[in-house]
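Throughout, read-outs are computed from the coordinates displayed, never taken from laboratory work. All figures in this text were calculated on a predicted structure; none of them were measured in a lab. All Cβ positions, glycine included, derive from the backbone under ideal geometry; neighbour counts span all protein chains shown.
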Amino acid sequence: MNAHRAKAVTRHKKAPPARRTPVKKTKAVRNAGRPIAPERQRAALPAAEAQILPLDAASYMVDAWQRSILFWDVLRQRANNTIEHERAGMPPLLDFKYETLLDARSFDRPVNYALLRIVEIGDDCWDDCVDAEKPPVIVVDPRAGHGPGIGGFKHDSEVGVALHEGFPVYFVIFFPEPVAGQTLADVHHALRRFVAEVANKHPGKPPVLYGNCQAGWALTLLAADCVGLSGPVVLNGSPLSYWAGEAGVNPMRISGALVGGVWLAHFISDLGNGQFDGAWLAQNFESLKPEKAIWEKYANLYENVDTESERFLEFERWWNGFYSLSREEILAIIENLFIGNRLEQGQFRICDDCMADLRAIRNPLVIFASWGDNITPPHQALGWIPVVYKDTDDLKRANQRIVYLTNPHSGHLGIFVSAKVARLEHRAILESLDEIEHLQPGLYEMKIDNPTGDPDCHKSQYNVHFETRDVKDLVFPQETEAFERARVVSEFNEVIYKTFISPFVQAAANPWTAQMAKWLHPMRTSRFMFSQEINPCMNGVEMLAGIVAANRRALAKDHPLIKREHENLAAVSDAIKASRVFRDEINEQAFVLMFNSLVKAKHQN
């Protein structure tokens, strides 16, 4: 039995393991069981399998939450800044120190304008900057819904560039509310007095007039009426030919016709107790390209809130300061310009005994337009020239010099706001004024050759030259007869409204209802709703924003979910753009049906 048991033990005893050669552990084996960074995991996967990993999603959710808090906090700051600006009386947002020379509110025919002298830029005073041999420059900002300052609300601006070049600089501002009943003629006479005041301070050096957008046509009227009073006139994004434009590309040219003409502005002015709220003009601007003004502006802030907040708040201080026009002013502007197009036709009546004649202008004109501007495209900035002058010989016989330059892509505001444009195009204009004044009569295109591509390059590194052009080259397609019919419709509607409806609206309106309509305007409510004074929830946003800012660690731009977010935001923008394009096509078809079809029917008969 013992032998059997021993045999069994021997049978079940395991053989010793075979001797193996030791194997050195690889890096992958040593790291087995340890978490691998998301970047390494994605790199190890084939391109088709590189999907979003859990750690990616977690880090993105934290980042998106932080950016959301900071985004809403920027809107809170914007609302607070806007209210603060309102309470301060909405002073001009100039980045320079100035003194007031003339206040037109004290004139015999008072208007809400004033003439300023720029006295200091940064740490440099007037005497440090100004070259006494150079003519003064008068910058006039547009009065088109916003306050003054767009030409000088930052260092790299038209004002800043002119000062840097040594020009004495003056600036024309206006106040938030017009003097009751002030007219375009009153404003015209005030501007003429401003220019005469500056000319008296600089004998023998006629002032250079610098007009932005709406101010451009105001200065054109001044040049036509006051021959010899000023020097060259620079028109930046200034419409003078209001019926010109390309179908489907420049929809603003038909917007007045589609609402029946001037009566609607008259109605809004009546509701405002004699004032037209500039917020309506700002809203029209935003609706022109909603994908940019209503979506991309905020999407860009959300995506880049760590770096974009300061720039956003700086611009919004100007954008959200809405100034009013008098009823008389807005009606005259729409009747004579946007609907009537009377300026290029020589039918614009400045006052009872004075008609604006663009052929009377003897000052050299410098016209700056952009093909990326759908508010004042080159069609509207230049289209008046072949209407006023039959051909180039006619222009030469009038002893006039017209110089134009175009930017290929800058938007309307970019002509005045873009630091890059200010530091190149506007600098080149100012540096070339002497040469422009010595050109022979004729039409010229100003070309800037800048091989460096640097807007801050030295003058010796870029070249400005002037190429002769033919007036016939500036002929743009126009639907003159259709717009003539739209003008007739506008005049008819205005007579009906003025006679039968306006008296009742004016009787019902009063200062209280006007203020209520003002503060309930969506351009204001959409801003003020984020103010802490109106929305107590924003106090919590401010507190959270402080915590987030102290612990903020932004994700890299190449993070997969950041890329996915950017694609989604761009897709929304594309969808809004598609709807806007469809809207503009419908409006064009409506214009054709209402006015062009009637013109064709008339010709067939």
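Using the structure shown, list the pairs from Lys134/Lys289; Lys154/Lys396; Lys289/Lys390; Lys205/Lys459; Lys154/Lys447; Lys420/Lys577 with a Cα-Cα distance above 32 Å, or answer none. List each step's numbers first, then the result.
Details: Lys134/Lys289 41 Å; Lys154/Lys396 39 Å; Lys289/Lys390 36 Å; Lys205/Lys459 24 Å; Lys154/Lys447 26 Å; Lys420/Lys577 27 Å.
Flagged as over cut-off: Lys134/Lys289; Lys154/Lys396; Lys289/Lys390.
Projecting the Cα atoms of Ser490, Val471, Ala507 onto the dipole axis of the stretch 436-511, where Lys and Arg carry +1 and Asp and Glu carry -1 at the beta carbon, places Ala507 farthest toward the positive end.
Under 5 Å between amide hydrogens, built in the peptide plane, is the criterion, and for Gly442 it picks out Gln400, Arg401, Ile402 among residues at least 5 positions away or on other chains.
The ranking of Tyr497, Tyr170 from fewest to most other beta carbons within 10 Å of each one's beta carbon is Tyr497, Tyr170.
Considering every alpha-carbon pair of the stretch 233-332, the percent of pairs per 10 Å bin, from zero through the bin containing the longest distance, is 12, 32, 35, 18, 2. Please compute, over every Cα-Cα pair in the stretch 501-540, the percentage with a separation greater than 14 angstrom. So the pairs more than 14 Å apart make up 61 percent of the total in the stretch 501-540.
Each stretch of four or more DSSP H residues adds -39500 (n - 2.57); spread over every residue of the chain, this sum gives -13500 deg cm²/dmol at 222 nm.
Binning the alpha carbon pair distances of the stretch 433-561 at 5 angstrom intervals from zero yields the distribution 2, 6, 6, 6, 6, 7, 7, 7, 9, 12, 15, 12, 4, 0, expressed in whole percent. Taken over the stretch 79-129, the alpha-carbon convex hull comes to 91 cubic angstrom per residue. Taking max minus min of the alpha-carbon positions on each principal axis, the stretch 410-479 gives extents of 40, 31, 20 Å, largest first. Summarised as an ellipsoid, the stretch 311-372 has semi-axes of 30, 20, 11 Å, derived from the eigenvalues of the Cα gyration tensor scaled by 5 and square-rooted, with the largest first.
How high is the relative contact order of the stretch 362-497, in percent, with contacts defined as C-alpha pairs under 8 Å that are six or more residues apart? Please report the intermediate quantities before stating the final value.
On the way: 175 pairs, mean separation 37.1, N = 136.
Relative contact order comes out at 27 percent.
Ellipsoid semi-axes for the stretch 171-229, based on the Cα gyration tensor and the rule √(5λ), read 21, 13, 11 Å when sorted largest first. Normalised by 2.2 N^0.38 Å, with N the number of residues, the alpha-carbon radius of gyration of the stretch 64-209 equals 1.22.
Could you tell me the relative contact order of the chain? Use alpha-carbon pairs under 8 Å, at least six residues apart, and round to a whole percent. Walk me through the intermediate numbers first.
Details: 962 pairs, mean separation 110.2, N = 605.
About 18 percent, as a whole number.
For the chain, the longest principal axis of the Cα atoms and the long axis of helix 214-225 meet at an angle of about 20 degrees.
The equivalent ellipsoid of the stretch 374-448 has semi-axes of 25, 17, 7 Å, largest first, where each one is the square root of 5 times an eigenvalue of the Cα gyration tensor. Here is the P(r) of the stretch 268-398: all C-alpha pair distances, binned every 5 Å from 0, give 2, 8, 11, 15, 15, 15, 12, 9, 7, 4, 2, 0 in whole percents. The largest-to-smallest principal axis extents of the Cα set in the chain are 144, 62, 57 Å.
Taking Cα atoms only, the orientation of helix 279-288 departs from the longest principal axis of the chain by about 60 degrees. Residues in the stretch 56-71 carry Karplus couplings, in order, of 4, 4, 5, 5, 5, 4, 5, 5, 5, 5, 5, 5, 4, 4, 5, 4 Hz; the curve used is 6.51 cos²θ - 1.76 cosθ + 1.60 with θ = phi - 60°, and Gly or Pro positions show x.
Taken one residue at a time, the phi angles of the stretch 458-465 give Karplus couplings (6.51, -1.76, 1.60, θ = phi - 60°) of 5, 4, 6, 8, 10, 10, 10, 9 Hz. Gly and Pro are set to x.
Taking the C-alpha atoms only, the angle from helix 2-12 to the longest principal axis of the chain is near 20 degrees.
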